[in-house]
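Please treat every number below as a calculation from the coordinates, not as lab data. In this text, all values refer to a predicted model and were calculated from it rather than measured experimentally. Don't worry about glycine lacking a Cβ; one is built from the backbone with ideal geometry, like all the others, and counts go over all protein chains shown.
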Protein chains: 2
Amino acid sequence: MLLQVPRGTKDILPEETPVWQEVESKARRIFSLYNYAEIRTPVFENVTLFKRALGDVTDIVQKQMFVFKQGDDHFVLRPEATASIARAYLENNLGFGVKLRKLFYIGPMFRAERPQKGRLRQFHHIGVEAIGLTNPNLDIEVIELADKLLREFGISNYKFVINSLGCVKDKAKFADLLKQALAKHKKVLCKDCQKRITKNVFRVLDCKNEKCKEITHSLKIGQSYLCGDCKSHFDKVLKGLDKFGIKYEVKEQLVRGLDYYSGVVFEVVHPDLGAQDALGAGGRYDYLFKELANKEIGAVGFAFGEERLMLALPKKESSKKLNVYVMSLGDKAADKSLELVKNLRSAGVSCDFDYSDGSLKSKLNEANKLGARFAIIIGDDEINKGKLVVKFMQEGKQEEVEFVNAVGFIKNILKE
Amino acid sequence: MLLQVPRGTKDILPEETPVWQEVESKARRIFSLYNYAEIRTPVFENVTLFKRALGDVTDIVQKQMFVFKQGDDHFVLRPEATASIARAYLENNLGFGVKLRKLFYIGPMFRAERPQKGRLRQFHHIGVEAIGLTNPNLDIEVIELADKLLREFGISNYKFVINSLGCVKDKAKFADLLKQALAKHKKVLCKDCQKRITKNVFRVLDCKNEKCKEITHSLKIGQSYLCGDCKSHFDKVLKGLDKFGIKYEVKEQLVRGLDYYSGVVFEVVHPDLGAQDALGAGGRYDYLFKELANKEIGAVGFAFGEERLMLALPKKESSKKLNVYVMSLGDKAADKSLELVKNLRSAGVSCDFDYSDGSLKSKLNEANKLGARFAIIIGDDEINKGKLVVKFMQEGKQEEVEFVNAVGFIKNILKE
């Protein structure tokens, strides 16, 4: 029987990981500049958490959770990180003594979707959560940070799409307006959406059905449901984005697929991504902590999909190259070679040794395949002379070098 | 209802993550010097993989797997990475065109153990796999690499414990000798071990029962089961370790808890870790590929437990400090401040802004708690003068600086 990667998942192969590493280390550096600190929560949680945080009637909770039992516990592979981080914030008292906690995370998320193009069952998020305050300047910072990351990654052509759901009262008013507007089209909506109108009307706006989309896109509700405070908050955020030169489009159909959002919500879309065009998304979730712990805590955050980022990144050659590939011929030479390999590595030169019993030709071939800049050849003959041969793989030329000078010789050329 | 982290797992908090980041980035740098490339496999696999790779009669497969069903698939959270990487190597044809594939991984592993001290249900491994050759020099490299990592982490006092199980024939002979030796003590062994003698005798050597341990430690089997080739391989490895000055102890009870091991096996133990004293472990698994795909492929690797490394690391202050904390008083000042914050970050200075409505005192207090080196205070008064106040948090002194010179002023002091 052939063993395969689980349906709907994929391996990230050695040829691909350098780009992932680069994106993540850039993100870590920038998060640090903005004073966000990393948090790592387990990849699974108690199932109750997501039911309460995301909402019982969301697609994620109803259809996409990988649930498993262990003893009396019902666990679920986390479908997203915000709920986990809110849980960790509360449980570990991370708000104690500080007004604002700025956290970031990088890691795998899981949704038990039917495997399809652009949708993986294990995918990866890079995100931030700023927890503790309701100030609109914090919304601006979070969006500016998302913008900064994309620019540092070298991604262009993206656009922010933004909306405000308002506070709990506004959101209820928004829901009512939506219900009224949709009621007129009820018969044309899909069966799921007909139910959603009463159960959770915002989910109609996320429906993938073409007819439902057509109707929702034609709705004109405006931001009439926003109260004075929420209108003013939203205006301040838009003004701030203008000031920082961040391009955005206000889109009244944008509500995000999770119940915990309130206030400002946004997505970053990119034309190269096709149907699943969001690179990432975020917004305020001031009422999540009310839901989880009956506490009034303002919070805002975003997450990028790493797989999506990979699609939007400019293509370029990896800068990670093997410096030296050492090969020996004969037993005496092998011992001497391993010593050299160790010394090169200690000197910070990336280096590998040919551990096979192959011919010189096959060893040079391997050096070539590994993309090594230099091959070093050591035979018993060279040992007797105290010398070795350095072959410049690109240039084709070679040079004899004293064994004792070999590390210095290589380091000097690499410095140039 | 209080929401909690899943039983037997823990959050890695913002105060702890800098050390994790440092360990991982050091490991990545060293792996690169040794020409190991990162691979990332999904955190879950089809359950068949581990049954075949680890062995049906191992504790892991029988008792410690988090299994879940999705449609017709039976998935399991990976208990370790070697089997996954072997699967990925085969499925993605990673051996094509090269004699040796050197891979590393960093990530979470899962075992559904009864929660107890020193044992987490989600823990983390850093490991390598060198796949394609049987050369003993490769065993030496892998052990030398493990040693190099520990030294770079600043860990000392550790010791390598090493043994050889020999090839398949030798291992069978070893098992027979063990059965004979244990038969005499059968009545004293625990019930599980009485069964293990016939089912999988090596597992008796891993038993945590005190009486069983006493008996297994008293056994004298020697390496008499090793054939000429395996004896010579083992001797070469020990000689190589001597040459590199790596301290080790040969221990005939060492077999490792997984069926796929053959040939040289080793553990790294540290006295500070108590009962669970292994920092990491590894060895050869030349027969894993036979088991999975009926192929003859030599392979050797190791894994460190990251949680274990954390326990053995020397304690030190984190070097990650916030450079500047900016606070404004008044509306005009807020806008000007946010501009400064952006400029400081663009200049590579880590910086945060006080987004609260608090008093100057509360804002300075926050700067203090965040450990900021400088506080910058901007009020409407300062705006009118085109100046701001830089407060040196440690030294207690402060200076007035022209707004336009602020970034340069801070960068100059940080350079010193």
Fill in: Given charges at Cβ of Lys, Arg, Asp, Glu: region B:324-410 dipole, positive-most of B:333, B:389, B:408
B:408
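How large is the charge dipole for region A:114-271, taken about the Cα centre, if only the Cβ atoms of Lys, Arg (+1) and Asp, Glu (-1) carry charge, to the nearest 20 debye?
On the way: 30 positive and 19 negative charges, 218 e Å.
Here region A:114-271 has a charge dipole of around 1040 debye.
Count neighbours as other Cβ atoms within 10 Å of each site's Cβ, and list the GluC sites (Glu not before Pro) in region B:28-131 that are DSSP loop with at most 16 such neighbours. Don't skip to the answer; put the middle values down first.
Values: sites: B:38, B:45, B:80, B:91, B:113, B:129; in loops: B:80, B:113.
Hits after loop and neighbour filter: B:113.
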Worksheet, complete the sentence: Gyration tensor on Cα atoms of region B:324-406, a ≥ b ≥ c root eigenvalues, a/c under 1.5 rounded, else prolate if a/b beats b/c, else oblate, says rounded
Worksheet, complete the sentence: Exposure proxy check on B:25, A:359: fewest-to-most Cβ neighbours within 10 Å is A:359, B:25
Worksheet item: Distance in nm between label sites at residue A:397 and residue B:365, each 7 Å beyond Cα in the beta-carbon direction?
Response: 7.0 nm
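If R0 is 45 Å, what FRET efficiency do you get for residue A:236 and residue B:29 from their C-beta distance, rounded to 0.05? Spell out each step's value before the answer.
Working: r = 44 Å, r/R0 = 0.98.
That gives a FRET efficiency of 0.55.
Lys and Arg at +1, Asp and Glu at -1: add these up for the other residues within a Cβ distance under 11 Å of residue A:248 and post the number. Show your work: numbers first, answer last.
Details: positive: A:159, A:247, A:251; negative: A:147, A:242, A:249, A:267.
Neighbour charge sum, excluding residue A:248 itself: -1.
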Discussion item. For region B:201-235 and region A:178-242, what is the centre-to-centre distance using only Cα atoms, to the nearest Å?
Written reply: 69 Å
Item to complete: Enter the Cα centre distance for the pair region B:245-292 and region B:2-33, rounded to the nearest angstrom.
Response: 24 Å
Discussion item. Going by Cα centres, region B:334-373 and region A:332-351 are how many Å apart?
Written reply: 49 Å
Worksheet item: What does the average come to when, for each residue of peptide A:346-353, you count the partner chain Cβ atoms lying within 10 Å of its Cβ?
Response: 4
Item to complete: Out of all DSSP beta bridges with both ends in the protein assembly as shown, state the antiparallel percent to the nearest 5.
Response: 80 percent
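Fully extended, how many nm does the chain gain between residue A:195 and residue A:251 (0.36 nm per residue separation, minus their Cα-Cα distance)? Can you show the working numbers first?
Details: separation 56, 0.36 × 56 = 20.16 nm, distance 2.45 nm.
Working it through step by step, the gained length comes to 17.7 nm.
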Discussion item. Can you pull out the GluC sites (Glu not before Pro) in region A:274-330 whose DSSP state is coil and whose Cβ has at most 13 other Cβ atoms within 10 Å?
Written reply: A:296, A:317
Worksheet entry | Sequence-separation-based contact order of region A:324-410, relative, with Cα cut under 8 Å and 6+ spacing, percent | 31 percent
Worksheet entry | Rotation relating A and B, chain B residue nearest the axis via C-beta, angstrom | B:68, 2
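What fraction of the DSSP beta bridges in region B:324-410 is antiparallel, stated in percent and rounded to the nearest 5?
Percent antiparallel among DSSP bridges in region B:324-410 is about 50.
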Practice prompt. Return the loop-located trypsin sites (Lys or Arg not before Pro) in region B:371-416 (DSSP other than H, G, I, E, B) with at most 16 other Cβ atoms within 10 Å of their own Cβ; answer none if there are none.
Written response: B:397
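What size of dipole, in debye to the nearest 20, comes out for chain B about its Cα centre when the only charges are +1 on Lys and Arg C-beta atoms and -1 on Asp and Glu C-beta atoms? Intermediate values should be presented prior to the final figure.
Numbers: 68 positive and 56 negative charges, 371 e Å.
Magnitude of the dipole: close to 1780 debye.
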Worksheet item: To the nearest 20 debye, what charge dipole does region B:324-410 have about its Cα centre, counting +1 at the Cβ of each Lys and Arg and -1 at the Cβ of each Asp and Glu?
Response: 240 debye
Fill in: Cα-Cα over 26 Å, subset of A:320/A:415; A:415/B:411; A:290/B:321; A:63/A:99; B:102/B:199; A:102/A:220
A:415/B:411; A:290/B:321; A:63/A:99; B:102/B:199; A:102/A:220
Worksheet, complete the sentence: Fewest to most Cβ atoms within 10 Å: A:9, B:198, A:48 sort as B:198, A:48, A:9
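Once a ≥ b ≥ c are taken as the square roots of the eigenvalues of the Cα gyration tensor of region B:57-193, is the result rounded (a/c under 1.5), prolate (a/b larger than b/c) or oblate (a/b not larger than b/c)?
Since a/c stays below 1.5, the shape of region B:57-193 is classed as rounded.
List B:212, B:227 from most exposed to least, where exposure is judged by having the fewest other Cβ atoms within 10 Å. The partial results should precede the final answer.
Values: B:212 22, B:227 13.
Taking fewest neighbouring Cβ atoms as first place, the list is B:227, B:212.
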